[in-house]
Amino acid sequence: MYFLLVYMYIKNHVYMFPDLLGCHGKCRRYLFCCFQDRAGQFFSSGHTNNWAVLVCTSRFWFNYRHVANTLSVYRSVKRLGIPDSHIVLMLADDMACNHRNPKPATVFSHKNMELNVYGDDVEVDYRGYEVTVENFLRILTGRLPPSTPRSKRLLSDDRSNILIYLTGHGGNGFLKFQDSEEISNVELADAFEQMWQKRRYNELLFIIDTCQGASMYERFYSPNLMALASSQVGEDSLSHQPDLAIGVHLMDRYTFYLLEFLEDIHPASKTNMNDLFKVCPKSQCVSTPGHRTDLFLRDPGSVLITDFFGSVRKVELTMETINLTDPIDAESGELQKEMHTYADQLPVSEIIHQKPKQKDWHPPDGFILGLWTLILLVFFQTYGVKHLKHIF
Amino acid sequence: AMAEQKFRVRARALVCVFVCVVMCGCGRDDFQEELVIRPLHSGDIYTSFQFRTLWETDFTRENKVSHYRLFPKSLGQVISKFSVRELHISFTQGYWRTMQWGQPYLPSPPGAELWVWFQDSLTDVDGTWKELTNVLSGIFCASLNFIDSTNTVQPSASFKPLGIGNVTDHRFLRYATLPREIVCTENLTPWKKLLPCGSKAGLAVLLKSEKLFHSSFHSQAVHIRPVCKDDQCKTTSWELRQTLNVVFDLHNSGQGKNEWSLFKMFSRTLTEACPVASSSKIYIDITDNSQGEQFELSPATPLLSQAVVLGDRRTFSVYDLTQQITFGTMRSLNLLIRGKSSDMLRPLLHAERYVAGYGLQTGEIHTLMYNNHPYRSFPVLLLDSVPWYLRLYIHTLTVTSKGKDNKPSYIHYQPSKDRVRPHLLEMLVQLPPNSVTEVTLQFERALLKWTEYTPDPNHGFYVGSSVISSLVPSIVAMDTNNSRERPLFSSFFPSKEESSYFVRVYTEPLLVNLPTPDFSMPYNVICLTCTVVAVGYGSLYNLLTRSFQIEEPSPGLAKRIANIIRKMRGVPPL
């Protein structure tokens, strides 16, 4: 959108900008072709759209920090351009409007309530009991029931860069969902392989902030995956700081420093993945963050942060004209002859004299059929089959 | 500069032409917004926003409606795709305290409530209902997809259509509640996006979530129904009402002072009306304050209006936001209400419900309905929808008023089916004047399968609110001409007779504990049995298969060397 506006402006005022874009003599007249060459250099990575799947898997008030983690990443990703329609946000419990929250409709990430990451226009797609392992895997693989609304689907294609962020309580090789089930690293790796085979992503960045997070990406085997974790196997990820007014820990350390890092990124910044790997060294995080890039085809140094956290709007320049169809005229409907009336809200006499509802006829169920079969069997056993012809 | 100007003029002309084509092409639509503020006698303050879009169009036609202006496209597509005649959905946080706050303009139960009347041309109502709940869960960011056959009922006499229509076959009605549904900013955001002006201009500017959810009661709803276009009522238009009711608490939001202002309640002031609104008004209920003795209102306004609402004639001070003069010299309107309201009349009908009994096996549901009118009795229709895991014993149903048995004139009961349907109980009871009617029903709690427990089973299981619909005698004559121009808050329920008005009261939802198994027992049992089996089987196996062999003790070093020498010599060892 931004580039389109700039292009329109330049097109109309081309005489004011000689040689601005390094366009030579004859190309100044054919500004279109010149701009297209330059434009090609803006869009050098292979993706055309960005998606994000952000999941918080913990329930209960004392796991406030996991919701705050997810919402900080949500906030950064939205700020850098990914729209709500391309974000699938899953929060396993409601912290903002929880009755224990002294400041309703807020989720803070810094103590002394400096930053409200919940914001004023958040859209949560899966909340409460809907956050289950099954739903998560169905979103990734796209196998959702047909009546699922668009906002709850991951409609990515083979040119999408997807960011997946998981946080919660985990262990060696598993992540706990809502105190009742777990997802294992093998399941996750298989889901990503399904995504690869169905061409559902171009490149995928997987970030996990749990205890022993590195175990979750050990089993990946699909190409074009890059993974980051907040701690190695055998280490715990620690939480950052409690707030005495709210009474719980507000954020985890890794995501806290990740948020600080992302706050400095703006849509046009050139920071790359190597800087992201340096976020939260052992001195700040106490645990050792890990990363895995062997499955990734490009060199991490050439991958921009905004390739995953921001949103690419590819501009296609076209000279075709589009004909807009006229809106369908609302023909004045045939004038109804009878007058419409409002229904009576409590028609007492009608209700008292109401006929019983006609029940739909159902075929007799198994019990009745079995009972009659038994009766018939006993009858013919007692009296013999030869009496059949007398009956029929 | 010349080219620039030409470009600008061309662009403006294009926009104007486009707008003109749009305006005369389609049926006309109209948008009104209003805010009613009513100070309550406990010091709290009740504010009710209503946004109404009227559109003359026909969603049921063959040609799909293609151009939407004020009416939101997402809801228009829902109506035409699912053959919806009426749709009412509400999200509420908190419980309306009728005894302290009086009757609300628009009642709603805690949690989420959805009831829909489908068109009578629809063949598969249940399938369409399931799809509709899924689509609405995406539109409103709520877990409405948990509505299925286990919590949907088909009332046989309650919930008659609120819009116009001749058909009232209850086969096309579905009603469901989710009492546990949480309401938060993520529900308010898509709700605000349905408004024509969004939250950028008009009254919706005041809707800031940090203040709205820090309240005793918050309810937002969407109501879609066909209404009469004019007095003759030969053609219909579609009405979309978005309502938001909030009750701000004196101590939480008001800091204990009896002084309320728009800025204190919403942290915003008003600067303009919504440009596409045909009317934008604020009403303050000053019926008990005719001489200004109870509370003071500033800035003063000369406009007054009277309306008959909830059976009473009330006087309102009106602020018209479409007039520039309302905003004064500061170009912003911050209403100030200083003082307390007087005692309110006792509401004529209110209800309570609670669970009695002890233990985790049986219990009893008690519903109390109070008729506070001194000499008139009136009928009420009680609708109870109880989940299947509370097994009701209908033979223990008793209805007593003033100690005597009160037989209902109509009972409809549909028993539940485990994991398929909930119980549905509807009764028409005549409440004698100045009395308490008690309905009691015993139940037994079922044991669920272990996968059916939620991740937090010790919270309990919710039973949705009972709905009590009634025609309550009114103090003044109601206006039965439903198509006249009336303020929005007085024209929601259509009135058919002058002596009574329709009211709906919701009771509290119940929270019952079901017998919960100890979920760590499978692990304990496996450990214990494996240990026992290992110890028992291991010992038995050893006893049966172990054989003893005699073994010579190994000789000393000297004897071993001697044995080696003797072997070499060919002599038998020692």
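Collect the residues in the range A:126-152 that are touching a helix residue (DSSP H, G or I) at 6+ places or on another chain (Cβ under 7 Å) and more than 7 Å from every other protein chain (Cβ to nearest Cβ), keeping them in residue-number order.
Hits for the range A:126-152 are A:TYR126, A:LEU137, A:LEU140, A:THR141, A:LEU144.
Inside the range B:379-405, can you point out the residues that are more than 11 Å from B:THR437 (Cα to Cα), more than 27 Å from the chain's Cα centre (by Cα) and in contact (Cβ under 8 Å) with a residue 40 or more places away in the chain?
Within the range B:379-405, B:TYR393, B:ILE394, B:THR396, B:LEU397 meet the criteria.
Scan the range A:291-307 and report the pairs whose first residue is closer than 20 Å to A:PRO281 by Cα and whose second residue is of a type in the set (Gly, Ala, Ser) and surrounded by 16 or more Cβ atoms within 10 Å (Cβ to Cβ), with Cβ atoms within less than 7 Å and a gap of 6+ or a chain change.
Sorted first by the residue in the range A:291-307, then by its partner, the pairs are A:HIS291/A:ALA227; A:ARG292/A:ALA227.
Name the one entry in B:THR301, B:THR367 that is over 30 Å from B:ALA201 (Cβ atoms) and surrounded by 15 or more Cβ atoms within 10 Å (Cβ to Cβ).
Selected residue: B:THR367, the only one of B:THR301, B:THR367 that is over 30 Å from B:ALA201 (Cβ atoms) and surrounded by 15 or more Cβ atoms within 10 Å (Cβ to Cβ).
Return yes or no: is A:ASP158 charged (D, E, K, R), in contact (Cβ under 8 Å) with a residue 24 or more places away in the chain and more than 13 Å from chain B (Cβ to nearest Cβ)?
Yes.
Which of the numbered conditions does B:LYS407 fail, given that it passes all the others? Conditions: (1) in contact with a strand residue (DSSP E or B) (Cβ under 8 Å, 6 or more places away or on another chain); (2) exposed (fewer than 14 other Cβ atoms within 10 Å of the Cβ); (3) part of a strand (DSSP E or B).
The one condition B:LYS407 does not meet is (3).
Quick one: how many residues across the range B:126-183 are free of Cβ contacts under 8 Å to residues at least 24 places away in the same chain, facing chain A (nearest Cβ under 10 Å) and closer than 30 Å to A:HIS86 by Cα?
Counting residues in the range B:126-183 that are free of Cβ contacts under 8 Å to residues at least 24 places away in the same chain, facing chain A (nearest Cβ under 10 Å) and closer than 30 Å to A:HIS86 by Cα gives 6.
Can you work out which of the residues in the range B:184-206 that are part of a helix (DSSP H, G or I) and facing chain A (nearest Cβ under 8 Å) is nearest to A:ASP125 (Cα to Cα)?
B:GLU186
Does any residue of the range B:75-94 turn out to be assigned to a helix (DSSP H, G or I), assigned by the TED database to the domain that holds B:LEU173, surrounded by fewer than 20 Cβ atoms within 10 Å (Cβ to Cβ) and touching a Lys or Arg at 6+ places or on another chain (Cβ under 7 Å)?
yes
Residue by residue, here is whether (1) touching a strand residue (DSSP E or B) at 6+ places or on another chain (Cβ under 7 Å); (2) touching a residue at least 60 places away in the same chain (Cβ under 8 Å) holds:
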position	(1), (2)
B:PHE327	yes, no
B:SER332	yes, yes
B:LYS340	yes, yes
B:ALA351	yes, yes
B:TYR358	no, no
B:GLY363	yes, yes
B:TYR375	no, no
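Residues that are under 23 Å from the mean Cα position of the chain (by Cα), part of a helix (DSSP H, G or I) and small (Gly, Ala, Ser): does the range B:463-476 have at least one?
Checked the range B:463-476: no residue is under 23 Å from the mean Cα position of the chain (by Cα), part of a helix (DSSP H, G or I) and small (Gly, Ala, Ser).
Let me spell it out: the conditions are (1) away from chain B (no Cβ under 11 Å); (2) more than 30 Å from A:LEU244 (Cα to Cα); (3) not hydroxyl-bearing (Ser, Thr, Tyr), and A:GLY171 meets all of them except one. Which number is the exception?
Of everything listed in (1) away from chain B (no Cβ under 11 Å); (2) more than 30 Å from A:LEU244 (Cα to Cα); (3) not hydroxyl-bearing (Ser, Thr, Tyr), A:GLY171 misses just condition (2).
Yes or no: the range B:504-512 includes at least one residue that is within 14 Å of another protein chain (Cβ to nearest Cβ) and assigned to a loop (DSSP other than H, G, I, E, B).
No, because not a single residue in the range B:504-512 is within 14 Å of another protein chain (Cβ to nearest Cβ) and assigned to a loop (DSSP other than H, G, I, E, B).
Determine, yes or no, whether B:ASP58 is surrounded by fewer than 22 Cβ atoms within 10 Å (Cβ to Cβ), modelled with pLDDT of 90 or more, over 22 Å from B:LEU244 (Cα atoms) and within 12 Å of chain A (Cβ to nearest Cβ). Give the steps one after another, and end with the answer.
Working: surrounded by fewer than 22 Cβ atoms within 10 Å (Cβ to Cβ): yes; modelled with pLDDT of 90 or more: no; over 22 Å from B:LEU244 (Cα atoms): yes; within 12 Å of chain A (Cβ to nearest Cβ): yes.
In short, no.
The values are calculated or read from the model by the stated rules, or taken from the named source; none is laboratory data. Given the structure is predicted, the values throughout are model-derived calculations rather than measurements. Ideal geometry is used to build each Cβ from the backbone, glycine not excepted, and the neighbour counts take in all protein chains shown.
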